[in-house]
Every structure is written in structure tokens, then in C-alpha cells.
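We did not get these values from a lab; they are worked out from the coordinates using the rules stated. All values reported here derive from a predicted model rather than from experimental measurement. All Cβ positions, even for glycine, are placed from backbone atoms using ideal geometry, and neighbour counts span all protein chains on display.
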Amino acid sequence: MSNENSEPLLIAFCCQYCSYSAADLAGSMRLQYPPNVRIIRTPCTGRLEVEFFMKAFEKGADGILVAGCLEGGCHFTEGNLLARGRVGYTRKFLSESGLEEERIRMINISAAQARPLVDYINEMLATLKNLGPSPLKSMNPSKNAEIRI
Ligand code: FES
């Protein structure tokens, strides 16, 4: 995916039961976040595998936000706990590879927390801007490749 304005590209994997609804609510409330965020709806963050995260980085993401239900509130019991473990594993992998672990983060929010979701997105984008482009982008043979997960 191209990023003509050199702003960081953030992929936000949002659980359909909580953060995706919060993103919808943010739209209804006319809360704004920058256009360089791509929200991908997932049935549960527990569906996300480490490979999905690495593929997103390879395809041009500068950072990844995984937004799941509140702890104890996952509709699949412990999907968000599995996701937290996988995000932790990915952070460790990035760190041990000499990359910044801050490029991926997990948050837990409810469907009513539109403002916190927007704040987390803006905070993550500020972090990514400070870090600069992801070195994993250069591994992408096609700069115009689309992110398909
Ligand atoms: Fe939302 Fe599992 S259903 S994180």
C-alpha cells in the first residue's frame, strides 16, 4: 500500500464486538483520526496469529494496534488473552531482531469507548512518527502492494 505523504501507516485490528463498534461510534460522534489508519475488523482478536502481524509489516505497515474486548469480556472467553500473548511474542521477536517493539501494541476497550480508541490511535501514530519508517518496509518488493490479510 503506498503512503505518498510519508505519514506512518498504522494497521488497527479491531474486534467486531468492541473496538470496531467504538470506531463506528467515533464516526457518529464526529471524532476524527488521521486517514493513515487502516481499520481491519476481526471476529475476535484471538483469531489473529503472529503471521498476520508480520505479514502486515512486510506489506508496508509501520505499526499495528490490536484492539480487543475488555479482559473478562471477550465473546470467545479468552481470545483477547491469546491475542495479548501473541502481541507479546511479536514484540519480543521484533526486539530480538533489533527492531522497535513499540511498533505493535494491544489495548482492551469497550464498544462505548470511542474517545479512548481515538486517543490510542493518535498516541500510536505519534510514536510511529518518532520511530520513523519501519525497516521491514524495505523487504517489500512492491511498494504498491496492497495489504490483504
Ligand atoms: Fe472481542 Fe474476543 S470477542 S476480543
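Having 3 or more residues that are away from the ligand (no atom under 11 Å from the Cβ) and under 14 Å from the mean Cα position of the chain (by Cα) is the bar; report the helices (runs of 4 or more DSSP H) wholly within segment 1-103 that clear it. Even if it seems obvious, please write down each step before you answer.
Numbers: elements: 19-28, 50-58, 79-96.
Ranges flagged: 50-58, 79-96.
Output the number of residues of segment 14-65 satisfying the condition of being over 17 Å from Gly79 (Cβ atoms), of a type in the set (D, E, K, R) and touching a strand residue (DSSP E or B) at 6+ places or on another chain (Cβ under 8 Å). Qualifying residue count, segment 14-65: 2. Scanning segment 6-35 for residues that are closer than 30 Å to Pro135 by Cα and surrounded by fewer than 18 Cβ atoms within 10 Å (Cβ to Cβ) turns up Ser6, Glu7, Gln32, Pro34, Pro35.
Close Cβ contacts (under 9 Å, 6 or more residues apart or on different chains) running from residues in segment 71-95 that are more than 16 Å from Ile107 (Cα to Cα) to residues that are among the β-branched types (Val, Ile, Thr) and in a helix (DSSP H, G or I) comprise Phe93/Val50.
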